[in-house]
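A.B. asks: Structure provided below as structure tokens; questions to follow.
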Amino acid sequence: MTTTGPLVAAQVPHTALDPYADAVTAAPVRFLYRLNPLAKLLAPVPAMVLLVFVREAAVPLAFLALSYAVLLVGVSFTPRLAVVLLLALPLGAVAIGFGFSLWTDPAHVDQSVILWQLGTWKLYGGAVLIGMATALRLAAIVALALIAGLSTTGPDLVRAGVQQLRVPYRIGYTALAAFRFVPRFGHELEVIRQAHRVRGAHGGRGPFGAIARWGGYLVPLLAGAIRHAERVALAMDARAFGAYPDRTERHLVPFRARDVVFIVLFLAASAAIFWALLR
């Protein structure tokens, strides 16, 4: 006997994977790509929240090391990613730390060491320590967020939210469709700019010319956006989007035992860092 009607996500066998889904081409050791997006989001969240309240520099340094270790093993490295992790993030942390050092109130820091003096203004060593500790906390939070951000796609995150968190699919997939408007608008804007350049409608030079030029982009861009929204709405209606309280899932994102293991191990490592450095 066969069932009729829409097949909900919980009824679909876990082997029914989408044949048109992007295949994972990373090596088996790049384990982050094989974890559920919710596991990669939930595991670092407690550490990210607690780092907001930590004042010592040792704790964010430890979480930076932990995040980099997980990323070095778990994701496939590209030259751009290497530049971001090994150059942009450390340099950004130093720049932010120096900025916080300048903004720190000298009356609330250790004034025993003067690092820089310009007239009556002095930069104390205590201010630099506070600024750098704050920057390290921000860098550690960013590095923890990259664990999920570098190994998760938007569609998989929406699918996991719908399948495991029971987020209404009308909300999840509508938000995903809206998010996909962004690159579409970028492409249409580039086409409009090229068309204006071909016609010589550059709007002149200077700030007023730029304002006039961008004003000329708005109307065709808005018209294109409305046409694209209408096409998306028709396509969703043709697929009976929203006709049933649940929907058939062609691509499942299961929550497996390895996801639980990852969460437990990451939480244990986080607790060990806090216990060892804050006791």
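A.B. asks: Under unit Cβ charges (Lys, Arg +1; Asp, Glu -1), what dipole magnitude, rounded to 20 debye, does the stretch 111-185 have relative to its Cα centre?
C.D. replies: Values: 7 positive and 1 negative charges, 56 e Å.
That gives the stretch 111-185 a dipole magnitude of about 280 debye.
A.B. asks: Here is a follow-up. Kirkwood Rh over Cα pairs of the stretch 66-213 into Stokes-Einstein at 25 °C, 0.890 mPa s: D in µm²/s?
C.D. replies: The diffusion coefficient I find is 120 µm²/s.
A.B. asks: Any number yet on Rg/Rh for the stretch 158-238, C-alpha, Kirkwood?
C.D. replies: Rounded to two decimals, Rg/Rh equals 1.18.
A.B. asks: When the helices in the chain are scored as -39500 (n - 2.57) per DSSP H run of 4 or longer and the sum is shared across all residues, what 222 nm value do you end up with, to the nearest 500 deg cm²/dmol?
C.D. replies: Per the formula, -20000 deg cm²/dmol.
A.B. asks: I've got another one for you. Taking the convex hull of the alpha carbon atoms in the stretch 55-127, what volume per residue do you get, in Å³?
C.D. replies: Per-residue hull volume (Cα only) is 101 Å³.
A.B. asks: A further question follows. Note the full-extension length gain between LEU42 and LEU218 as 0.36 nm times their separation in residues minus their Cα-Cα distance, in nm to one decimal.
C.D. replies: Values: separation 176, 0.36 × 176 = 63.36 nm, distance 4.04 nm.
Length gained, LEU42 through LEU218: 59.3 nm.
A.B. asks: Which one of SER151, LEU32, TYR244 is farthest out on the positive end of the charge dipole of the chain, using unit charges on Cβ (Lys, Arg +1; Asp, Glu -1) and the Cα centre as origin?
C.D. replies: Of the candidates, TYR244 comes out farthest on the positive side.
A.B. asks: Write down the accessible area per residue of the chain in Å², having rolled a 1.4 Å probe over the full set of protein chains. Could you put the intermediate results ahead of the total?
C.D. replies: Details: 17420 Å² over 279 residues.
Accessible area per residue, the chain: 62 Å².
A.B. asks: Now for a different question. Expressed as cubic angstrom per residue, what is the convex hull volume of the alpha carbon set of the chain?
C.D. replies: Cα-based convex hull of the chain, divided per residue, equals 221 Å³.
A.B. asks: Same structure, new question: So, with a 1.4 angstrom probe, what is the percent of accessible area on the chain that is carbon and sulfur?
C.D. replies: Of all accessible area on the chain, carbon and sulfur atoms account for 69 percent.
A.B. asks: Let me ask something else. With every protein chain present, what accessible area does ILE114 have (1.4 Å probe, heavy atoms only), rounded to the nearest 10 Å²?
C.D. replies: 80 Å²
A.B. asks: If amide H atoms are built 1.01 Å from N in the plane of the peptide, which residues on other chains or at least 5 residues away come under 5 Å of the amide H of TYR124?
C.D. replies: LEU115
The values are calculated or read from the model by the stated rules, or taken from the named source; none is laboratory data. Owing to the predicted nature of the structure, the values given are computational and were not obtained by experimental measurement. Ideal geometry is used to build each Cβ from the backbone, glycine not excepted, and the neighbour counts take in all protein chains shown. For the accessible areas, the whole protein counts, side chains as well, though only heavy atoms, and no ligand, DNA or RNA atoms are used. Shrake-Rupley method; radii C 1.70, N 1.55, O 1.52, S 1.80 Å.
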